[in-house]
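Remarks on the structure that follows.
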Amino acid sequence: MTAAAQSLNIIGLAREVYKGSPTTLCAGCGHNSITNHLIKALYEYGVPPHRLAKMSGIGCSSKTPAYFVDRAHGFNGLHGRMPSAATGAKLANRELMVLGISGDGDTASIGLGQYCHMIRRNVDMTYIVENNGVYGLTKGQFSATADVGSTLKHGGSNAYTTIDVCGLAIELGATFVARSFSGDGKQLVPLLEAAFAHRGTAILDVISPCVTFNDHEGSTKSYAYVKEHDVLVNAPDFIPAGKEIVVDYEPGTVQDVELDDGSHLLLRKLERDYDATDRLGALRTIHESRTRGELVTGLLFVSGDEPDLCERERMPARPLRNFAEGDLRLDRATFAKIAGGA
Amino acid sequence: MGNKAVNDFTIRVATVNGSGSQSSNLVLTNAIFRLGVPVAPKNVFPSNIEGLPTWYDIRATARGYRCRTRTIDLLVALNTATWTQDVASVRSGGAIVHESTYPVAGLTQRDDITYYAVPFTELAKTHVKDGAMRKYLTNMIYVGVLAELLRIPESTIEAALGAQFKSKPKAAAANLEAVRVGSAYAREHLPPLENIAIEPMAGATDGLFFIDGNRAAALGCLMGGCTVSAWYPITPASSLCESFIALCEKYRVDPETGERKYAIVQAEDELAAVGMIIGAGWAGARAMTATSGPGISLMAEYVGYASFAEIPAVIFDVQRVGPSTGLPTRTMQGDLSFTYSLGHGDTKHPVLLPGTVDELYEDGMAALDLAERMQCPVFVLSDLDLGMNSWLTKPFAYPEKPFDRGKILRAEDLSAHPDWGRYRDVDGDGIPYRTLPGTDHPAAGYFTRGTGHDEEAKYSENPEVWQRNLDRLARKHETARTLVPQPLLEETGSAIGILAYGSTHHAVVEARDLLREAGLETDYLRVRALPLAAEVAAFVDRHETVYVVEQNRDGQLFGILRNELLPEQIARLRSLRHYNGVPIDASAIVDPVLESRRELAHAGGARS
């Protein structure tokens, strides 16, 4: 056996298993980086491929589920309407690990309604917004996450207020909200793993520059702009369930977030004293940073106390799709009472 | 002054909505049924919560007709706003029970009907002490008046009240008091009713029970193993999902753990609702949604997607007059052509067309089977008349067959067929095999998208690959012709045929009797689904003239027939349409058919 073949994850699978078809996106696209970080996170976390349901809408971002975990089932649905299909899939089989990939057009414009209601319901899934502030597949129109005053490649400035998908999610009661950058795998991979571990809707807004239509001067979603204005509120370190926490930090410099599967996300505090469990504080930070032209990244908010949709609906552990005639039909006597036979 | 109508008359109660008259009308309906007389109630109500005119027709019919009739024998007039038009609706020889303060003069003064003035308001003021209850109990006073005039025994009314207020014995007692106020007044002050009578019957209602179509459909979903439902409130479909919720809460909750063997979500709109059930169907649960025309519009994109991605979904369309506001509480068969091809591209969906509450129950189960067998969206078209009115029906049959889950490959199947292709036609019926997410086998996964996929579900923009896929889908649609419920036939060898579907059926039944009495025997084919079975063309071939009866202006089934039949077959068709928003009655068929016969005879074209 070669050394590479021996490198297997906790469920005994090689990293190769987590790969997909070759990307068809532009060279240098932030989305490709995110795909690579996802492959790493899925592999490291040890997601069983058959349990993964890759859901997406329409747009460049939504094409990416074809580029990772070939073995898993994928659902490339309608523009902005992936959350409903993801919700249905989860209700049918709550053992599925639902991973939704969306973009800023898919989420913040055509899909804003379904995005909001998915969060309200706290559907247990990871929802990634590959956010480049621009429509790629239709060649460079502004999206609703574009900042006021940012410009298009071929002229034109955005006059309309931006929709901050993180601020909105926190306001709506989201239980896990993070923002990251496609170029920062060190930050993104642990956040992804923590999102997998979280029970409920985990929102990851990942700024992902569009090299073709939105990487110029004047764009606030370009590589250069993000690198310059990225302000990390915390530095995450993911510790899988059952693994001992051996990192040695000064007291008070780390926030330890225990996740639903027993894993931990250690948040090393950076410049400011940021509390990721303070909903109002998170909202204030996001708002103030945006006003200053900064882009806050890191785990912005987390709450482990809210039941997810399946719990709220008091669903059994056994997937609904496995219930058969004997479980679901009334017996003859009961049936006769309501269907005229008694 | 008209003939005496025994067990064959219609009572119309004209009132304002929100006054609680529904309970009174149901008690009256139930009391007539308890005397063994078949009865068909129809609620014609406004799109409003309180204060607009509403009519409730209770048709006692010894022959067991279920459709509306235009002939009103006995009017209960409790709405001053519609007093004039209500008086005009009563047949010659009929009678009116009315609030005594209403003026009987001018247009409202007819010499061919009997007036029974009752001081309802006064009586209620005097006898009902509880002011909050007065509005409701006033309506029970007219039940008492009618019971006395129609000689319905008080014990029968009492039993009907008991059934109506099953869980509230106190309310039943208070209502009985109000009934007695009415019957006492009628006994003392009103002359007997001459032209209308009820006589107890034997054998006509044995074993029958009342159920509305929406509840019947919900029961079909329950017995058909539906576990996921998502919906958005809309008249007249809301009570379908609400009935499903009620049934699930009662019968699908583990009494010990409180765990539910179902998940029902009230969605943010109809597109999200159908998205949820398509997601659930993709992941292997039996799922349904229910809506009406406007909701169908919103669902169009996902339904088209599910058709091409080949995902099971069951969609009930309880049709109403559309769009927007105005007439959402009026009935129509308006969505037939719309649902049949909903979506962009070459979409065609199976559409089931139940005509009775029994068939709604059966089609609920059949649609869940068919959706999984065919791997596509299946529509069940009900309408407001069928869905929201109470219908007398025979008991529903207990399902004897197991669920048909269709062509699903499990992990153990995949070991034998690791090279399976998601969109490959293995069996020649156009229906491919599928796997469910969560299937623990390396070959199980595939990528689902609307268009641009080859037999292995790999991305492809190859023109030949796509055309091959469209041809397979057309083959699959042909398979559906044989799997959907087949037409129902009643033939005696007449040259004249009637072709109808859905709730129009009940008017056809009465119309054929009336036509027979007028000397015209007709044969009847009732279409039970789209795509049309081969039998439909054969029926047209066997008849010189076929009247296609439906409840829409443009003749939607007629249009589909014109698309699918041969020119010589199309030449035999005559389109008859009823489209005023109230359920079709027999005369809407009898009159134009007889007129058409006269025209054809005049032209020398008719044999019969």
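The values are calculated or read from the model by the stated rules, or taken from the named source; none is laboratory data. Everything numeric here is computed off the predicted structure, so don't read it as measured data. Every residue, glycine among them, receives a Cβ derived from its backbone with ideal geometry; neighbour counts consider all protein chains shown.
Does B:S239 fit the bill of being out of contact with any Cys (no Cβ under 9 Å at 6 or more places or on another chain), away from every other protein chain (no Cβ under 14 Å), surrounded by fewer than 19 Cβ atoms within 10 Å (Cβ to Cβ) and part of a helix (DSSP H, G or I)?
Answer is no for this residue.
Restricting attention to the stretch A:50-92, report how many residues are part of a helix (DSSP H, G or I), of a type outside the set (A, V, I, L, M) and more than 7 Å from chain B (Cβ to nearest Cβ).
If we filter the stretch A:50-92 for residues that are part of a helix (DSSP H, G or I), which is where we start, we get A:50-51, A:60-67, A:82-92.
Now drop any that are not of a type outside the set (A, V, I, L, M), which leaves A:50-51, A:60-65, A:67, A:83-84, A:87-88, A:90.
Imposing the further condition that a residue be more than 7 Å from chain B (Cβ to nearest Cβ) reduces the set to A:60-65, A:67, A:83, A:90.
So the answer is 9.
Looking at A:S109, A:S157, which one is surrounded by fewer than 24 Cβ atoms within 10 Å (Cβ to Cβ) and at pLDDT below 95? Full working, then the answer.
Numbers: A:S109 fails: at pLDDT below 95.
Every option except A:S157 fails the conditions.
Kindly check whether there is at least one residue in the stretch B:124-141 that is within 23 Å of B:A88 (Cβ to Cβ), part of a helix (DSSP H, G or I) and at pLDDT 95 or above.
No, every residue in the stretch B:124-141 fails to be within 23 Å of B:A88 (Cβ to Cβ), part of a helix (DSSP H, G or I) and at pLDDT 95 or above.
Could you go through the stretch B:52-59 and let me know if any residue there is farther than 26 Å from B:G326 by Cα and either in a strand (DSSP E or B) or not β-branched (V, I, T) (or both).
yes
What's the number of the only condition in (1) more than 8 Å from chain A (Cβ to nearest Cβ); (2) part of a loop (DSSP other than H, G, I, E, B); (3) in contact (Cβ under 8 Å) with a residue 12 or more places away in the chain that B:A285 fails to meet?
Exception for B:A285: condition (1).
Going by the structure shown, is A:L96 under 18 Å from A:A202 (Cβ atoms), within 11 Å of another protein chain (Cβ to nearest Cβ) and surrounded by 18 or more Cβ atoms within 10 Å (Cβ to Cβ)? Even if it seems obvious, please write down each step before you answer.
Details: under 18 Å from A:A202 (Cβ atoms): yes; within 11 Å of another protein chain (Cβ to nearest Cβ): yes; surrounded by 18 or more Cβ atoms within 10 Å (Cβ to Cβ): yes.
Here the answer is yes, as A:L96 does meet what is asked.
Being without any contact (Cβ under 8 Å) to a residue 60 or more places away in the chain and loosely packed, with under 13 Cβ neighbours inside 10 Å is the filter here; which residues of the stretch B:516-540 pass it?
Residues satisfying the conditions are B:E517, B:G519, B:A534.
Is one or more of the residues making up the stretch B:170-190 farther than 28 Å from B:A5 by Cβ, of a type in the set (S, T, Y) and in contact with a strand residue (DSSP E or B) (Cβ under 8 Å, 6 or more places away or on another chain)?
Taking every residue of the stretch B:170-190 in turn, none turns out to be farther than 28 Å from B:A5 by Cβ, of a type in the set (S, T, Y) and in contact with a strand residue (DSSP E or B) (Cβ under 8 Å, 6 or more places away or on another chain).
Condition check ((1) over 18 Å from B:Y305 (Cα atoms); (2) more than 14 Å from chain A (Cβ to nearest Cβ)) across all residues:
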site	(1), (2)
B:L368	yes, no
B:R373	no, yes
B:K407	yes, yes
B:P432	no, yes
B:G438	yes, no
B:A443	yes, no
B:T448	no, no
B:P463	yes, yes
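Evaluate the following for B:I245: is it in contact with a helix residue (DSSP H, G or I) (Cβ under 8 Å, 6 or more places away or on another chain) and either within 11 Å of chain A (Cβ to nearest Cβ) or free of Cβ contacts under 8 Å to residues at least 60 places away in the same chain (or both)?
Details: in contact with a helix residue (DSSP H, G or I) (Cβ under 8 Å, 6 or more places away or on another chain): no; either within 11 Å of chain A (Cβ to nearest Cβ) or free of Cβ contacts under 8 Å to residues at least 60 places away in the same chain (or both): yes.
For B:I245, the condition - in contact with a helix residue (DSSP H, G or I) (Cβ under 8 Å, 6 or more places away or on another chain) and either within 11 Å of chain A (Cβ to nearest Cβ) or free of Cβ contacts under 8 Å to residues at least 60 places away in the same chain (or both) - is not met.
Residue-wise test of (1) in contact (Cβ under 8 Å) with a residue 40 or more places away in the chain; (2) away from chain A (no Cβ under 14 Å).
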position	(1), (2)
B:Q266	no, no
B:D269	no, no
B:T289	yes, no
B:P294	yes, yes
B:M299	yes, no
B:G304	yes, no
B:S307	yes, no
B:E310	yes, no
B:V318	yes, yes
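Is there a residue in the stretch A:31-43 that is within 14 Å of chain B (Cβ to nearest Cβ) and part of a loop (DSSP other than H, G, I, E, B)?
Among the residues of the stretch A:31-43, not one is within 14 Å of chain B (Cβ to nearest Cβ) and part of a loop (DSSP other than H, G, I, E, B), which makes the answer no.
Among the residues that make up the stretch B:471-482, is at least one of them assigned to a strand (DSSP E or B) and either within 19 Å of the chain's Cα centre (by Cα) or at pLDDT 95 or above (or both)?
No, there is no match, as no residue in the stretch B:471-482 is assigned to a strand (DSSP E or B) and either within 19 Å of the chain's Cα centre (by Cα) or at pLDDT 95 or above (or both).
Kindly indicate whether any position in the stretch A:50-62 is buried (at least 21 other Cβ atoms within 10 Å of the Cβ) and over 21 Å from A:K90 (Cβ atoms).
First, pick out the residues of the stretch A:50-62 that are buried (at least 21 other Cβ atoms within 10 Å of the Cβ): A:50, A:52-62.
With over 21 Å from A:K90 (Cβ atoms) added as a condition, the list becomes A:59-60.
Yes - at least one qualifying residue is present in the stretch A:50-62.
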